[in-house]
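The structure appears right after this line, and notes come after that.
The values are calculated or read from the model by the stated rules, or taken from the named source; none is laboratory data. Since this is a predicted model, take the numbers as computed values, not measurements. Counting neighbours? That spans all protein chains shown, and the Cβs are built from the backbone with ideal geometry, glycine included. Surface areas here come from the heavy atoms of the whole protein model, side chains and all, with no ligands, DNA or RNA. Shrake-Rupley method; radii C 1.70, N 1.55, O 1.52, S 1.80 Å.
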Amino acid sequence: MSESKEINILAIESSCDETAAAVVRNGREVRSNIISSQIDLHKLYGGVVPEIASRKHIEKINQVIEEALSEAGTTLDEIDAIGVTYGPGLVGALLVGVAEAKAIAWAKDIPLVGVHHIEGHISANYIEHPDLEPPFVCLVASGGHTHLVCVKEYGKYEILGRTRDDAAGEAYDKVARAIGLGYPGGPKIDRIAKEGNPDAIQFPKAKVNDAEYDFSFSGLKSAVLNYINGCKMKGETFDPADLAASFQKAVVEVLVGNSMRAVEKLGMKKFAIAGGVASNSALREAMEEACEKRGMKFYRPSPIYCTDNAAMIGAAAYYEYLAGTRSGWDLNAVPNLKLGER
């Protein structure tokens, strides 16, 4: 793959509750990465409200793009292509980014590259790991997705396993709400679990019979809710830290177990994690230990590149751009876009 010419991508991400823009050079060097988070706003409602998210994206998108260009010390005249998330995600939120990207690409007469959100998460690993190249296996775990993916080459993916119901991050949010921690649940459970005993409560770990790498978290979530309701009905108390630690242990064991079975069967020597849940300290620790035990190289992005950001979209867009991917003016938001679809 030729990298003789310097390629600067302006990337835009607005699939959920973060409005983000970044300038990325040659897929690996982040010149700027601006994120405007809406978390404090959605906290009031205990989760993301799609209509509010869309309106906030409209308010913030020009501002984050201007900041990204300014921090990178560049202008639109020096940008070679626009990369934008077009799915999956909240349709109203995605439309804001897609419309903005199309407008800039048309006005400046530069290529437009639509990027899959999960592909962006996987590509976050390229930013800080110059030695990481396909093939490798990557676990993508976030509020909306839990996928185990074989990255065959840049832009070419095979889904090995996925969740049959709740995503891992979704289970974290629901359990956090049930024990009164609020939104977003992931970081709060991670923090409180450090004070608890992970062996205090035995929660079930689901296995999907007809697909050994698939995940299921709805049974675990229900078991936690039933345990809480049972305590209330009997007039008993429970320690939220113990419950959080026990729940987290069950999630982490399933994520690590399925991932390691897959890399062993494929004979892979490189394994990566990505997505918001990849910033979870217990998961990072357990994955590092499991990879070390098997003599595998373990890659994970810094937490800032785990949650939604535009730098990861810039990294993915660069490799799509090199492969000749060009989106037309008919590019649209696809809220249920599958990985590998165009």
**Complete:** Considering residues that are closer than 20 Å to G144 by Cα and free of Cβ contacts under 8 Å to residues at least 40 places away in the same chain, the number found within region 220-244 is 1
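Answer with yes or no whether A223 is small (G, A, S), open to solvent by 20 Å² or more (accessible area, probe 1.4 Å) and not in a helix (DSSP H, G or I). Steps first, please.
On the way: small (G, A, S): yes; open to solvent by 20 Å² or more (accessible area, probe 1.4 Å): yes; not in a helix (DSSP H, G or I): no.
For A223, the condition - small (G, A, S), open to solvent by 20 Å² or more (accessible area, probe 1.4 Å) and not in a helix (DSSP H, G or I) - is not met.
Taking region 143-166 as the search range and keeping residues that are under 18 Å from A323 (Cα atoms) and not in a strand (DSSP E or B), which one is modelled with the lowest pLDDT? Please lay out each step first, then the result.
The initial filter retains those residues of region 143-166 that are under 18 Å from A323 (Cα atoms), namely 151-158.
So of that shortlist, the ones also not in a strand (DSSP E or B) come out as 154-155.
Details: Y154: 95, G155: 92.
Within region 143-166, the match that is modelled with the lowest pLDDT is G155.
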**Request:** Output the residue which, of all residues in region 292-338 that are of a type in the set (A, V, I, L, M) and surrounded by fewer than 24 Cβ atoms within 10 Å (Cβ to Cβ), is nearest to D131 (Cα to Cα).
**Result:** M296
**Item:** Flag if V224 is touching a Phe, Trp or Tyr at 6+ places or on another chain (Cβ under 7 Å) and at negative phi
**Value:** yes
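Here is a yes/no grid of residues against (1) out of contact with any Leu (no Cβ under 7 Å at 6 or more places or on another chain); (2) open to solvent by less than 30 Å² (accessible area, probe 1.4 Å); (3) farther than 24 Å from S259 by Cβ; (4) at pLDDT below 95:
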| position | (1), (2), (3), (4) |
| --- | --- |
| A193 | yes, yes, no, no |
| N209 | yes, no, no, yes |
| S216 | yes, yes, no, yes |
| G219 | yes, no, no, yes |
| E236 | yes, no, yes, yes |
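For residues that are in contact (Cβ under 8 Å) with a residue 40 or more places away in the chain and outside any helix (DSSP H, G or I), tally how many sit in region 46-55.
Just the residues of region 46-55 that are in contact (Cβ under 8 Å) with a residue 40 or more places away in the chain, to begin with: 46-48, 50-51, 53-54.
Cutting the leftovers down to outside any helix (DSSP H, G or I) gives us 46-48.
Matching residues across region 46-55 total 3.
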**Fill in**
Quick count over region 266-285, residues being hydrophobic (A, V, I, L, M, F, W, C) and more than 15 Å from L148 (Cβ to Cβ), is 1
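Scanning for something touching a residue at least 24 places away in the same chain (Cβ under 8 Å), in a helix (DSSP H, G or I), crowded, with 22+ Cβ neighbours inside 10 Å and not small (G, A, S), does region 260-272 turn up at least one residue?
Within region 260-272, one or more residues are touching a residue at least 24 places away in the same chain (Cβ under 8 Å), in a helix (DSSP H, G or I), crowded, with 22+ Cβ neighbours inside 10 Å and not small (G, A, S).
Residue-by-condition table, conditions (1) farther than 20 Å from Y305 by Cβ; (2) in contact with an Asp or Glu (Cβ under 8 Å, 6 or more places away or on another chain); (3) hydroxyl-bearing (S, T, Y):
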position: I79; (1), (2), (3): yes, no, no
position: T85; (1), (2), (3): no, yes, yes
position: G89; (1), (2), (3): no, no, no
position: A101; (1), (2), (3): yes, no, no
position: V115; (1), (2), (3): no, yes, no
position: H121; (1), (2), (3): no, no, no
position: A124; (1), (2), (3): no, no, no
position: F136; (1), (2), (3): no, no, no
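Take the residues in region 126-167 that are among the hydrophobic types (A, V, I, L, M, F, W, C) and over 26 Å from K207 (Cα atoms); name whichever of them is surrounded by the most Cβ atoms within 10 Å (Cβ to Cβ). Break it down into steps so the answer makes sense when it comes.
Initially, region 126-167 is screened for residues among the hydrophobic types (A, V, I, L, M, F, W, C), giving 127, 132, 136-141, 148-151, 159-160, 167.
Those left that are additionally over 26 Å from K207 (Cα atoms): 127, 132.
Working: I127: 24, L132: 18.
For region 126-167, the residue satisfying everything is I127.
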**Message:** I want to confirm something. Restricting to region 96-125 and keeping residues that are out of contact with any strand residue (DSSP E or B) (no Cβ under 9 Å at 6 or more places or on another chain) and assigned to a helix (DSSP H, G or I), which single residue is surrounded by the fewest Cβ atoms within 10 Å (Cβ to Cβ)?
**Reply:** A107
**Asked** For region 285-320, which residues satisfy the criterion of being over 23 Å from I159 (Cβ atoms) and assigned to a helix (DSSP H, G or I)?
**Response** E285, E288, E289, E292, K293, P303, I304, A311, G314
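For every residue, the table says whether it meets (1) assigned by the TED database to the domain that holds G267; (2) over 20 Å from the mean Cα position of the chain (by Cα); (3) of a type outside the set (G, A, S).
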residue: V96; (1), (2), (3): no, no, yes
residue: A103; (1), (2), (3): no, yes, no
residue: A107; (1), (2), (3): no, yes, no
residue: E128; (1), (2), (3): no, no, yes
residue: C138; (1), (2), (3): yes, no, yes
residue: G169; (1), (2), (3): yes, no, no
residue: D190; (1), (2), (3): yes, no, yes
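Taking region 123-147, which residues are of a type in the set (A, V, I, L, M, F, W, C), touching a helix residue (DSSP H, G or I) at 6+ places or on another chain (Cβ under 6 Å) and under 24 Å from V254 (Cα atoms)?
A124, V137, C138, L139, V140, A141 - these are the residues of region 123-147 that are of a type in the set (A, V, I, L, M, F, W, C), touching a helix residue (DSSP H, G or I) at 6+ places or on another chain (Cβ under 6 Å) and under 24 Å from V254 (Cα atoms).
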**Prompt:** Hey, among the residues in region 62-95 that are surrounded by fewer than 24 Cβ atoms within 10 Å (Cβ to Cβ) and polar (S, T, N, Q), which one's nearest to G27 (Cα to Cα)?
**Reply:** T74
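Mind telling me which of the residues I39, I79, I104, I12 ends up being modelled with pLDDT under 95 and β-branched (V, I, T)? Can you show your working first?
Details: I79 fails: modelled with pLDDT under 95; I104 fails: modelled with pLDDT under 95; I12 fails: modelled with pLDDT under 95.
Going through I39, I79, I104, I12 in turn, just one is modelled with pLDDT under 95 and β-branched (V, I, T): I39.
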